[in-house]
Amino acid sequence: MYIHIQGYEMAYTDAGQGLPLVFIHGYPLNRRLWEPQVEGLAGVARILAPDLRGHGDSQAVPGPYSMDLFADDLAAFLDALGITGRVVLCGLSMGGYVAFAFYRKYADRLSGLILTATRAAPDSPEARTGRDQAAALAREKGVAAIVESMAPKLLSPKTVEHRPELVAQARAIMEHTSLEGVLGDLAGLKERPDSTPTLAEIKVPTLILPGEDDQIIPIQEAWAMQAGITGSRLVVIPNAGHLLNLENPQAFNQAVRQFIEGLRDTD
Ligand code: MLT
């Protein structure tokens with residue numbers, strides 16, 4: 001499905017009924033990442049999964065894409081669907097940075113947060129240099145070169161060794177990112193603010209889901225978020241790396257299902 005928001009065509013998935021549960025993918029990914037959640041959780045909530053601008057089937061528009069811009073896109077998306085009540089946001093990695101931005105701007109639209117394979121800290125000076133190098137690589141050699149460099153890190157070493165079909169799936173998802181999308185993300189990631197001060201401000205129920213073998217964001221970052229967000233819960237997803245929802249959908253979906261059911265009980 002497509003919807004026109006903020007001057008571009010956004011592609012999205014809308015499945016199931018009930019409490020809206022919005023899934024936000026990371027860099028350089030798209031909503032196909034969430035297929036196991038659409039399948040496993042549509043009986044529990046209304047699953048909404050947009051492709052961020054420049055990703056997947058959404059229109060490619062020039063960047064930079066700040067985390068605030070993505071948060072505004074999401075608010076406009078909910079407005080366009082006529083969703084005025086509270087939603088739960090689940091953001092993976094860059095999607096988590098967007099969730100922090102959304103919280104800062106639109107906290108009154110949220111009933112819960114799921115922060116997965118993400119961190120509150122901004123880019124270190126080395127990471128910022130890495131963003132510039134990645135942008136130069138993408139300009140010179142295209143998105144395929146970015147896929148090559150990211151593919152070995154996105155999944156756990158065990159997944160890479162034993163599950164070639166998942167490696168192929170992750171690559172295919174990344175290949176569906178436009179050059180504008182890659183460059184827009186890199187510019188926004190590099191400049192994203194420190195969300196550490198936001199942690200103490202988060203007043204909605206929060207679930208933190210790291211993959212035990214994440215090679216991109218160390219699991220310590222998840223424990224740091226848990227220490228900073230009062231009352232938050234952390235569940236380590238075993239046998240999974242950065243794309244934990246794809247690598248271990250049973251454990252991921254079970255943790256999300258319990259969280260959503262807990263929200264209903266406290267309503
Ligand atoms: C992501 O998966 O969104 C990225 O790895 C995040 C990042 O590079 O900081």
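Under 17 Å from a label point set 7 Å out along the Cα-to-Cβ vector of HIS162, the amide N atoms of segment 231-260 belong to 237-252.
Spin-label model, ARG139 to GLN6: label points 7 Å out along the Cα-to-beta-carbon direction sit 2.4 nm apart.
Both the radius of gyration and Dmax for segment 1-41 are 11.4, 33 Å, in that order, over alpha-carbon atoms. Here r is the Cβ-Cβ distance between ALA60 and GLN215 and R0 is 22 Å; the resulting FRET efficiency, rounded to 0.05, is 0.20. Most simply put, the chain has about 30% antiparallel DSSP beta bridges, counting only bridges with both residues inside it.
Here the sum of -39500 (n - 2.57) over DSSP H runs of 4 or more residues, divided by the residues of the chain, equals -14500 deg cm²/dmol at 222 nm, to the nearest 500.
Taking R0 as 35 Å, what's the FRET efficiency between GLN250 and LEU81 from their Cβ-Cβ distance, rounded to 0.05?
On the way: r = 29 Å, r/R0 = 0.84.
After rounding, the FRET efficiency stands at 0.75.
Going by a ≥ b ≥ c, the root eigenvalues of the Cα gyration tensor, does segment 1-158 fall in the rounded group (a/c under 1.5), the prolate group (a/b larger than b/c) or the oblate group?
Details: a/c = 1.60, a/b = 1.54, b/c = 1.04.
Taking the square roots of the gyration eigenvalues as a ≥ b ≥ c, segment 1-158 is prolate.
In terms of its alpha-carbon gyration tensor, segment 127-267 comes out oblate; a/c meets the 1.5 threshold, while b/c is at least as large as a/b. Report relative contact order for segment 116-199 in percent, whole number only (criteria: Cα-Cα under 8 Å, sequence separation at least 6). With pairs under 8 Å counted, the relative contact order is 51 percent.
Quote the relative contact order of segment 127-267 in percent (integer), defining contacts as alpha-carbon pairs under 8 Å separated by 6+ residues. Walk me through the numbers on the way to the answer.
Details: 168 pairs, mean separation 35.1, N = 141.
Taking the mean separation of contacting Cα pairs over the length of segment 127-267, I get 25 percent.
Under 10 Å from the Cβ of THR177, count the other residues' Cβ atoms, weight Lys and Arg +1, Asp and Glu -1, and hand me the total. Intermediate results must be reported in sequence, preceding the final value.
Values: positive: none; negative: ASP51, GLU175, GLU180, ASP185.
Net of charged neighbours comes to -4.
Positive end of the dipole of the chain (Cβ unit charges, origin at the Cα centre): among GLY181, PRO210, SER232, the Cα lying farthest that way belongs to SER232. Could you pull out which residues in segment 184-206 have an amide N less than 18 Å from a spot 7 Å beyond the Cα of ARG233, following the Cα-Cβ vector? In segment 184-206, the label zone of ARG233 (backbone N under 18 Å from the point 7 Å along Cα→Cβ) covers 203-206.
Mean-square fluctuations from a GNM of the chain, with a 10 angstrom spring cutoff on Cα atoms, peak among GLY211, GLY18, GLY56 at GLY18. Listed by chain and number, the aspartates and glutamates whose alpha-carbon sits under 18 Å from that of LYS158, ignoring those within fewer than 8 places in the same chain, are GLU212, ASP213, ASP214, GLU247. Mind checking which of ILE217, ILE173, ILE83 has the largest fluctuation in a GNM of the chain, springs on alpha carbons under 10 Å? Maximum among the listed residues: ILE83. For segment 21-52 versus segment 205-267, the inter-centroid distance based on Cα atoms is 15 Å. Just check the chain against the gyration tensor rule for me: Cα atoms, a ≥ b ≥ c as the square roots of the eigenvalues, rounded for a/c under 1.5, and otherwise prolate or oblate depending on whether a/b exceeds b/c. Because its axes are fairly even, with a/c under 1.5, the chain counts as rounded.
Cross-link partners for LYS190 among the lysines, with Cα-Cα distance under 26 Å and sequence neighbours closer than 8 places in the same chain left out: LYS105, LYS141, LYS153.
For Cα pairs less than 8 Å apart in space and 6+ apart in sequence, what is the mean separation divided by the residue count of the chain, i.e. the relative contact order in percent?
For the chain, the relative contact order is 22 percent.
FYI, it's all coordinate maths here, none of it is from the lab. It should be emphasised that the depicted structure is a prediction, and the values quoted were computed from it without experimental measurement. Neighbour counts are summed over all protein chains in view; Cβ atoms, including those assigned to glycine, are modelled from backbone coordinates with ideal geometry.
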